[in-house]
Amino acid sequence: MRCHTAKRQIDLQAKTGLEPAQSGELRLHLESCFRCRVYFEQAQKLQRLLSPSSPPEFPTWLHENIMHQVRMHEPQRVILRRRMKLQNIPATLAIILSIYIGSLLGVNAFKAETPPVAEVSVYQDDSFEVASFGESTIFELRNGNGAERE
């Protein structure tokens with residue numbers, strides 16, 4: 001086994017473990033190679049340093065103190081929760097009222113304004129016909145026999 005393969009297997013062994021056949025080959029290489037053996041020992045030291053230690057235990061008086069403060073603040077928290085729920089009522093009423101007033105204003109504004117009546121007048125002559133609708137005018141040109149010209 002070559003040294004670079006052995007180092008790769010040492011890293012794999014630290015992370016996931018090796019199969020028995022691979023670990024046997026690695027052990028034989030470590031017996032014969034001093035550099036890989038030093039690398040293996042350093043990898044084991046690093047693994048021990050990085051391994052998670054047991055979490056520190058908190059003193060019971062700290063737990064009791066925290067729970068006491070939670071119990072002291074519970075009534076105030078309930079009051080704040082009720083107050084927050086009651087704030088939704090005025091906001092909802094304001095939205096409904098604004099929609100209602102807006103619709104009343106809109107309906108009254110469109111009722112008061114009546115569209116102007118279009119004036120239609122048609123002038124006919126032998127050569128062209130004019131129809132005017134308010135501000136728009138349409139000209140239709142005709143030749144002498146009544147056919148339309150393009």
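All conditions but one from (1) surrounded by 10 or more Cβ atoms within 10 Å (Cβ to Cβ); (2) modelled with pLDDT under 55; (3) outside any strand (DSSP E or B) apply to M67; the one that does not is (2). Of all residues in the stretch 24-36, those satisfying the criterion of being open to solvent by less than 90 Å² (accessible area, probe 1.4 Å) and part of a helix (DSSP H, G or I) are G24, L26, H29, L30, C36.
From A109, A118, A94, which residue is at pLDDT 85 or above, open to solvent by less than 100 Å² (accessible area, probe 1.4 Å) and not basic (K, R)? Going through A109, A118, A94 in turn, just one is at pLDDT 85 or above, open to solvent by less than 100 Å² (accessible area, probe 1.4 Å) and not basic (K, R): A94.
The values are calculated or read from the model by the stated rules, or taken from the named source; none is laboratory data. All values reported here derive from a predicted model rather than from experimental measurement. Counting neighbours? That spans all protein chains shown, and the Cβs are built from the backbone with ideal geometry, glycine included. Keep in mind that these areas ignore ligands, DNA and RNA; they rest on the heavy atoms of the full protein, side chains included. Shrake-Rupley method; radii C 1.70, N 1.55, O 1.52, S 1.80 Å.
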